[in-house]
Amino acid sequence: MIVKKNFHDRVIAPSLLAADFSRIGDEVRRAVDAGADWMHLDVMDGHFVDNISFGPGGVRTVDQISGIFLDVHLMISRPDHYLQRFIEAGSDLITVHVEADHDVAETLRRIRGAGRQAGIALNPATPLSTVEPFLDQIDLLLCMTVVPGFGGQAFMPEVLEKISAAVRIRETKNLSFHVEVDGGIDAVTAARCAAVGANVMVAGSSTFRAPDMGAAITAIRNA
Ligand code: DX5
Ligand code: ZN
């Protein structure tokens, strides 16, 4: 059974994009054994971002390998069109971008209507005001700390201010969504994000490519 986390909990979500895809089953189990709380799955369509990863079939494969909570990040132009397939594939939380071409409120409503958690993501250059109307309809706000599309990029510290502002709004309005950061996260940058109120740390390169994944996850948890 999956224990539901709240925004006071530190959650570590290794990003599968940095795993060795030739042995994906072993990689998922390695992350689980190393202490991962969630598995972060990056879906890219070659339109919304300049890269292509995997679709609902990839999500389903991971779901069949492990019962770990699946945090599915849709970097696709038409999340509304593909939503039902990602729900059926076993996603526990589905995050859609505010910049994508869809009725955001309606997509969020459908995700929750299917009994899944709903997240909204925004790129580093996108102002917080674009997501403000939806903050009472989400379980998670993903503040991208790199321009999405590729793993292994450098953390963008200018996003910290936006995270602080989001946390202030959450307090003022008495809301309860997670704040997730994604891109260039390791123990050092996780500490900076945690200091301004982020609690869900997505980390690809710094976990899957560390010499000791368990130690890397512990370091991010304690940062
Ligand atoms: C970037 C993806 C990230 C990526 C993070 O577009 O959304 O989840 O895998 O990779 P690292 O942690 O290596 O920056
Ligand atoms: Zn991601």
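Data for the structure
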read-out: Residue match in the stretch 19-28 (condition: in contact with a Phe, Trp or Tyr (Cβ under 6 Å, 6 or more places away or on another chain), at pLDDT 95 or above and closer than 30 Å to A215 by Cβ); value: yes
read-out: Of residues in the stretch 175-196 being assigned to a strand (DSSP E or B) and within 12 Å of ligand 1 (Cβ to nearest atom), the one surrounded by the fewest Cβ atoms within 10 Å (Cβ to Cβ); value: D182
read-out: Evaluation of T95 against (1) surrounded by fewer than 19 Cβ atoms within 10 Å (Cβ to Cβ); (2) in contact with a Leu (Cβ under 8 Å, 6 or more places away or on another chain) (one fails), failing number; value: (1)
read-out: Odd one out for P148, checked against (1) closer than 20 Å to D71 by Cβ; (2) more than 10 Å from ligand 1 (Cβ to nearest atom); value: (2)
read-out: Residue list for the stretch 115-137, restricted to those being part of a loop (DSSP other than H, G, I, E, B) and within 16 Å of ligand 2 (Cβ to nearest atom); value: N123, P124, T126
read-out: Within the stretch 33-59, tally of residues that are open to solvent by 30 Å² or more (accessible area, probe 1.4 Å) and either out of contact with any helix residue (DSSP H, G or I) (no Cβ under 8 Å at 6 or more places or on another chain) or free of Cβ contacts under 8 Å to residues at least 24 places away in the same chain (or both); value: 10
read-out: Those residues of the stretch 170-223 which are within 16 Å of ligand 2 (Cβ to nearest atom) and of a type in the set (F, W, Y), in sequence order; value: F208
read-out: Test set (1) out of contact with any strand residue (DSSP E or B) (no Cβ under 8 Å at 6 or more places or on another chain); (2) within 14 Å of ligand 1 (Cβ to nearest atom); (3) under 24 Å from F69 (Cα atoms) - G214 fails condition number; value: (2)
read-out: Lone qualifier among A125, A105, A89, A121 - being under 26 Å from R168 (Cβ atoms), open to solvent by less than 10 Å² (accessible area, probe 1.4 Å) and not polar (S, T, N, Q); value: A121
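The values are calculated or read from the model by the stated rules, or taken from the named source; none is laboratory data. Since the structure is predicted, the reported quantities are computational estimates derived from the model, not experimental observations. When we count neighbours, we look across all protein chains shown, and the Cβ atoms used for this are built from the backbone with ideal geometry, even at glycine. Each accessible area value is taken on the protein alone, full model and side chains, heavy atoms only, with ligands, DNA and RNA left out. Shrake-Rupley method; radii C 1.70, N 1.55, O 1.52, S 1.80 Å.
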